[in-house]
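Just so it is clear, none of the values below were taken in a lab; they were calculated from the coordinates. Given the structure is predicted, the values throughout are model-derived calculations rather than measurements. Here Cβ is always computed from backbone atoms with ideal geometry, including for glycine, and neighbour counts include all displayed protein chains.
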Amino acid sequence: MKSLVVAFLLAASLVHVVGAASAGSHQKALERMLQEIEADTALTARQTGRSSLDDRVLAAMGRVPRHEFVPSELRRYAYDNRPLPIGYGQTISQPYIVALMTDLLALSEDARVLEIGTGSGYQAAVLAELGARVFTIEIIPELGSEVTERFARLGYDEVTSRVGDGYYGWEEEGPFEAIIVTAASPTIPPPLIAQLEPGGVMVIPVGSPFSVQQLTLVEKDETGVVRTRQVLPVAFVPLTGGGQDRSTDDP
């Protein structure tokens, strides 16, 4: 039943987002992508504790035209369940990882979310489709310029982006209900913990550059106590800024 609901949402959302003419060419690929996300979710259930993802997350993934977030020469692969290069040594994340990280945030309506590592803008678009108010930071100026134009063209007015050092967060816009980091850090940056509001959640890959890291769930309780839980082994490019090695977006 869940797959039938997702398929119905796909048909409606594709026509809404990319237009009737384009919908036919992407619908089957997008439907297959969502089915593969569900399959990967089931395969990793013992590690993540999630045998299925929130229907809202899958519906949001179905509303984002991923082909708009990849280089034109790679659009035929846009709905493959794998990362793709976007230039400047960066990638757009595997859809399953995007879905899992989004699900872990457990966003409420109108949540204020900080994203570190805008990259192509795909993750921010998914968050916006869930009704979040997204503040996203990209350290590579060229990507930052490209993604500002992309958000405007696709109508993602809920996303505010800037070029800067994401290690230090965005203090003037905080605190945030949720923070998502799409690059690996050897440790959890203290400025991000400080900008996470009580009761908030952060998802971040933690580990050494160019090796397997642990996707980590960070929870700050109402008294300010921080607890962490390792969710899944992942491989992300390293976080840059704050004296760390150069990088930014998705695995």
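Note on Ser72/Thr187: beta-carbon distance plugged into 1/(1 + (r/R0)^6) with R0 of 35 Å gives a FRET efficiency of 0.40. At full extension, Glu172 and Glu219 could sit 14.8 nm farther apart than now, given 0.36 nm per residue minus the alpha carbon distance. Just checking the listed ones, Arg150, Arg46, Arg162: in the Gaussian network model of the chain with Cα springs under 10 Å, the one fluctuating most is Arg46. Sequence-distant contacts, meaning Cα pairs under 8 Å at least 6 residues apart, place the relative contact order of the chain at 15 percent. Working from label points 7 Å from Cα in the Cα-to-Cβ sense, the Ser145 to Tyr88 distance is 1.0 nm.
Among beta bridges from DSSP that stay inside the chain, the antiparallel ones total about 45%. With contacts taken as Cα pairs under 8 Å at a separation of at least 6 residues, the range 146-206 carries a relative contact order of 34 percent. Just checking the listed ones, Ala106, Ala183, Ala152: in the Gaussian network model of the chain with Cα springs under 10 Å, the one fluctuating most is Ala152. Between Glu109 and Asp54, the distance separating the two model label sites (each 7 Å from Cα on the Cα→Cβ line) works out to 1.3 nm. Look at the alpha carbon pairs under 8 Å that are at least 6 residues apart: their mean separation over the length of the range 25-142 gives a relative contact order of 24 percent. Sorted from greatest to least, the principal axis extents spanned by the alpha carbons of the range 56-150 come out as 36, 27, 19 Å.
Only beta bridges with both residues in the range 104-249 are counted; by DSSP, about 45 percent of them are antiparallel.
If you average the alpha carbon positions of the range 92-108 and of the range 59-85, how far apart do those two centres end up, in angstrom? Using only Cα atoms, the two centres lie 15 Å from each other. Among Ala42, Ala125, Ala184, the largest mean-square fluctuation in a Gaussian network model of the chain (Cα springs under 10 Å) belongs to Ala42.
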